[in-house]
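The values are calculated or read from the model by the stated rules, or taken from the named source; none is laboratory data. Only a predicted model underlies this, so the values are computations on that prediction, with no experimental measurement involved. Because the Cβ atoms are built from the backbone with ideal geometry, glycine has one as well, and the counts that use them run over all protein chains shown.
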């Protein structure tokens, strides 16, 4: 199972397929309440219209059980079939947690009070050889838990309470229990993700973590909340991730005494992680003094910021008539920074990302390498240079290079024109030569007179 932040480019691919299929895949099957169906589905959308009397129930649970893990979209919409835009799945209910974790068991839990029209179920897969799954549905007067909490937890008011060593909304993922000691060791298999959980009995602490990995990793953290369906961290929910071989991680515990961590290993071999944790108590007199000093410093800093903003506005008024710097021409870009296909030679390079769009480079992505050795997606840097003349990382100004190149071209054109004129004069014969000789004699005479 591979973590989905390495695959988020597939979202656009799946959405494109979605639009291509909508015009040809409008067949809608009936899904009766309490039924259980075994289905084979090809690489496309499949729709169901939910039927049955659920007026005496408070919840409907629709479960999908795959024979093997796969990336699918499992969603539902009231009043019409689910669709999508370029940025999200257009549905009232979507098993997002099951999608980005590629779980075999996915689940939609729908309150019946919200169903005021026909309910349509949509399932999309991009596997070319198709998928096999079983689709079940049932109603309940109490809020059910996702997939019945598997075998490693029990359901309480719609929330799975997992046994020690297991995490997730349905308790299916094993996790290492971290403790505040000097040496927690975790092994993550190649191209896989591992989970860890840290639970403390006291609030008002800060967690200081020192993490040392034998290879490049990604780390995500998320607190456990009582009203969150997805207990595990996701790269789409927590952009403050860490990546590298060694780093420190500080978490303000606040009102959460349980934190979950996801560690992704993008390399082709297993990695060992040494994880040291210690916590500091809050509320000491030295901390209060530190807070007071921070407040005073912040006040002084705010005063300087206000003064700087005032001066900046004055300068902006003076420079209001000055337009933006001219863009870098596409001819200059193509000539000096040709497009090449991206090829990762090392494991670390496989995790490099474009600093403009923040997307990871994929094999055969077209990139440009600037003279300053920074690389970007070709389309990204082309767009950037439409309104900027500097590298967005090191601020090297390429306008000067373009100006010098244009000046060299102008000089070459002048030299070419002069050479052409000389050839014409040579072809015009002795009359021109005599005239030039007389002009030279006249100039020499003037110089001797002075």
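Considering only residues of the stretch 69-78 that are in contact with a strand residue (DSSP E or B) (Cβ under 8 Å, 6 or more places away or on another chain) and either in contact (Cβ under 8 Å) with a residue 60 or more places away in the chain or crowded, with 17+ Cβ neighbours inside 10 Å (or both), which is farthest from residue 170 (Cα to Cα)? Reasoning before the result, please.
Of the residues in the stretch 69-78, the ones in contact with a strand residue (DSSP E or B) (Cβ under 8 Å, 6 or more places away or on another chain) are 70-78.
Keeping just the survivors that are either in contact (Cβ under 8 Å) with a residue 60 or more places away in the chain or crowded, with 17+ Cβ neighbours inside 10 Å (or both) gives 70-77.
Values: 70: 18, 71: 18, 72: 18, 73: 18, 74: 17, 75: 18, 76: 20, 77: 23 Å.
Ranking the qualifying residues of the stretch 69-78, first place goes to 77.
Once the stretch 181-200 is narrowed to residues that are part of a loop (DSSP other than H, G, I, E, B) and either closer than 20 Å to residue 166 by Cβ or in contact with a helix residue (DSSP H, G or I) (Cβ under 6 Å, 6 or more places away or on another chain) (or both), the residue that is modelled with the highest pLDDT is 189. None of 145, 149, 160 is on the phi > 0 side of the Ramachandran plot and surrounded by 13 or more Cβ atoms within 10 Å (Cβ to Cβ) except 149.
Check 56, 29, 12, 24 and return the single one that is more than 27 Å from the chain's Cα centre (by Cα), at pLDDT below 80 and loosely packed, with under 14 Cβ neighbours inside 10 Å.
Numbers: 56 fails: at pLDDT below 80; 29 fails: at pLDDT below 80; 12 fails: more than 27 Å from the chain's Cα centre (by Cα).
Only one candidate qualifies: 24.
For the stretch 391-401, does any single residue satisfy the condition of being more than 33 Å from the chain's Cα centre (by Cα), at pLDDT below 90 and loosely packed, with under 12 Cβ neighbours inside 10 Å? For the stretch 391-401, residues more than 33 Å from the chain's Cα centre (by Cα), at pLDDT below 90 and loosely packed, with under 12 Cβ neighbours inside 10 Å: present.
Each residue in the stretch 51-66 was checked for being part of a strand (DSSP E or B) and within 19 Å of residue 146 (Cα to Cα), and 8 pass.
When we screen 133, 100 for residues that are outside the structural domain of residue 268 (by TED's automatic domain parsing) and in contact with a helix residue (DSSP H, G or I) (Cβ under 7 Å, 6 or more places away or on another chain), the only hit is 100.
Of all the criteria given as (1) closer than 20 Å to residue 76 by Cβ; (2) not in a strand (DSSP E or B), the one not satisfied by residue 127 is (1).
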